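The values are calculated or read from the model by the stated rules, or taken from the named source; none is laboratory data. In this text the structure is predicted, and so the values were computed from the model without any measurement. Cβ sites come from the backbone with ideal geometry, for glycine too, and all protein chains shown count toward neighbours.
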């Protein structure tokens, strides 16, 4: 197992110089600039109550508007209310779904603040990615404070993907913007391959990592948070450990030190 992990890190690092700088977002109208229903469907099961509208916030993450979902009653099924978009991708590859989201209620984290809540009722939302073969990826996200960037790396053998957002907490308003689906050939300095590899190890090691503007909030759930050297100041402040190496080199450094329990530097 140790040899396999080292080979993964080495092979992925060797691919980095050949990354194509051309960007591609496989999601059309991820910022809702073409309207509420362009490449999107919004549905409610019988017995549920929700409204789907466009909101013009003071600071939109993409364009001038964002999707707003008012969830009054999600019903008995966790899939009762949804907003779905589609994407056509090249099959048999690794992708990264990124989106900005927030909810109407915010919480104070400073226990000295009079508005501090010890056990806040965080809102939740389920996100699924399903291909024509029926293969589905599903993740539940918990909202904290303010607009947050979430990400979901995955591998698929399908070409036609349906990406769905299911709000879960009644009485909350959800806001979604900047939905994008990218692969390794992107111009945002995001290493999709490393994100996928590390997230697939996270469940067994209880270690989370962030870099750049990745979702810092996941560090709060991890037993141990790692930020690579080129991470944002916010990510470094939230992490338990900051690597000496940047990007993939930092990931491999953390794998050797905390997953494989090898303190020596990794040469690639």
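Descriptive notes on the structure:
- Checking each residue in segment 35-79 for being in contact with a strand residue (DSSP E or B) (Cβ under 7 Å, 6 or more places away or on another chain) and assigned to a loop (DSSP other than H, G, I, E, B) picks out 36, 39, 48, 57, 60, 61, 62, 65, 74, 78, 79.
- Which listed residue, of 163, 94, 182, 126, is more than 25 Å from residue 35 (Cβ to Cβ), under 16 Å from the mean Cα position of the chain (by Cα) and either in the same structural domain as residue 45 (by TED's automatic domain parsing) or at pLDDT 90 or above (or both): 94
- Filtered by the rule that a residue be in contact (Cβ under 8 Å) with a residue 40 or more places away in the chain, buried (at least 20 other Cβ atoms within 10 Å of the Cβ) and not in a loop (DSSP other than H, G, I, E, B), segment 119-149 gives 125, 141.
- Residue within segment 51-65 that is modelled with pLDDT of 95 or more, closer than 23 Å to residue 128 by Cβ and surrounded by 15 or more Cβ atoms within 10 Å (Cβ to Cβ) present: yes
- Checked against the criterion of being at pLDDT 80 or above, surrounded by 14 or more Cβ atoms within 10 Å (Cβ to Cβ) and over 22 Å from residue 29 (Cα atoms), the candidates 196, 174 yield just one match: 196.
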